[in-house]
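To start, the structure itself, in structure tokens.
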Amino acid sequence: MKIIMLGAPGAGKGTQAKMIAEKYSIPHVSTGDIFRANIKNETPLGMEAKKYMDEGKLVPDELTVQILLDRVAKEDCANGYVLDGFPRTIPQAEVLNDALEKMGDKIDYAIDVAVPDENIVNRMSGRRACVTCGATYHIVHIPPKVENVCDKCGSNLILRDDDKPETVLNRLKIYHEQTQPLIEYYTAKGVLKTVDGTKDMKDVFADIVSILG
Ligand code: ADP
Ligand code: AMP
């Protein structure tokens, strides 16, 4: 099963993608996580990507597409995957579509986690991410058991630099301009499903499971 998560930054794509990955035993592939791991390891790719990410801009397609194609070509993706944060532009979607088509394959579901802009700044300013394992929490809605400590691995939780309110507004603007057109793109392919992302995370997941079966 090949699944794409669509939605504004902070809509809950990552939260749901992790739960989907666990239930259906497929890898969770997040381009944002791949970039953040490269930044942490101070690789040339990480240094280049950071310039864009810190300003809330998209990393250019030339840098992003190959990383994704290499990742999904790995053995663990043979039975499917859930993509979180890719594609974010029509050209990225087309490259993915062409690569799959060459193998006689296709995306099965594009799930749009719909959350209005008004909720997004609150979601992102309350998001806390684990510096080690990437688990995410929300200080009000999905708090860790101990403040600022990851339930899963015990490391510290941080507010991502790009979750500061001034950057969030820029990311939302770019989402509407460059990523939202993908909703029409996947509707035309007959694979778009929309879930109400304002519900409690468990209810959002139940809606997704009823779609995926
Ligand atoms: P995305 O991957 O779309 O950027 P995340 O999954 O990281 O978004 O979620 C953004 C923030 O909102 C996180 O702090 C997360 O814990 C919180 N969150 C996710 N889903 C819900 C939900 N259904 N209700 C309330 N908060 C949520
Ligand atoms: P995310 O973790 O998905 O919120 O991504 C964090 C940041 O990484 C984004 O704001 C972009 O700067 C960058 N990024 C992640 N995925 C992509 C992508 N598919 N295309 C371009 N930039 C991306």
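Collect the residues in the range 1-45 that are among the polar types (S, T, N, Q), touching a helix residue (DSSP H, G or I) at 6+ places or on another chain (Cβ under 9 Å) and away from ligand 1 (no atom under 16 Å from the Cβ), keeping them in residue-number order.
Our first condition is that a residue be among the polar types (S, T, N, Q); within the range 1-45, this holds for 15-16, 25, 30-31, 38, 41, 43.
Right, trim to touching a helix residue (DSSP H, G or I) at 6+ places or on another chain (Cβ under 9 Å) and you get 15-16, 30-31, 38, 43.
Correct list: Asn38, Thr43.
Residue-level check: of (1) on the phi > 0 side of the Ramachandran plot; (2) modelled with pLDDT of 95 or more; (3) within 12 Å of ligand 1 (Cβ to nearest atom), Gly134 misses just (2). Restricting the range 125-141 to residues that are in contact (Cβ under 8 Å) with a residue 60 or more places away in the chain and under 16 Å from Asp200 (Cα atoms), the residue that is farthest from ligand 2 (Cβ to nearest atom) is His141.
Being at positive phi and either in a strand (DSSP E or B) or touching a strand residue (DSSP E or B) at 6+ places or on another chain (Cβ under 8 Å) (or both) is the filter here, so list the residues in the range 49-80 that pass it.
Narrowing the range 49-80 to residues at positive phi: 56, 80.
The answer is Gly80, and nothing else.
Residues considered: Ile26, Ile3. Of these, the only one that is surrounded by 24 or more Cβ atoms within 10 Å (Cβ to Cβ), more than 10 Å from the chain's Cα centre (by Cα) and not in a helix (DSSP H, G or I) is Ile3. Listed by position, the helices (runs of 4 or more DSSP H) inside the range 90-192 whose residues that are of a type in the set (Ser, Thr, Tyr) and open to solvent by 70 Å² or more (accessible area, probe 1.4 Å) number at least 1 are 181-188.
The values are calculated or read from the model by the stated rules, or taken from the named source; none is laboratory data. All of these numbers come straight from a predicted model, not from anything done at the bench. Reconstructed Cβ throughout: ideal geometry from the backbone, glycine too, with neighbour counts over all protein chains shown. Surface accessibility is based on the protein's heavy atoms, side chains included, excluding ligands, DNA and RNA. Shrake-Rupley method; radii C 1.70, N 1.55, O 1.52, S 1.80 Å.
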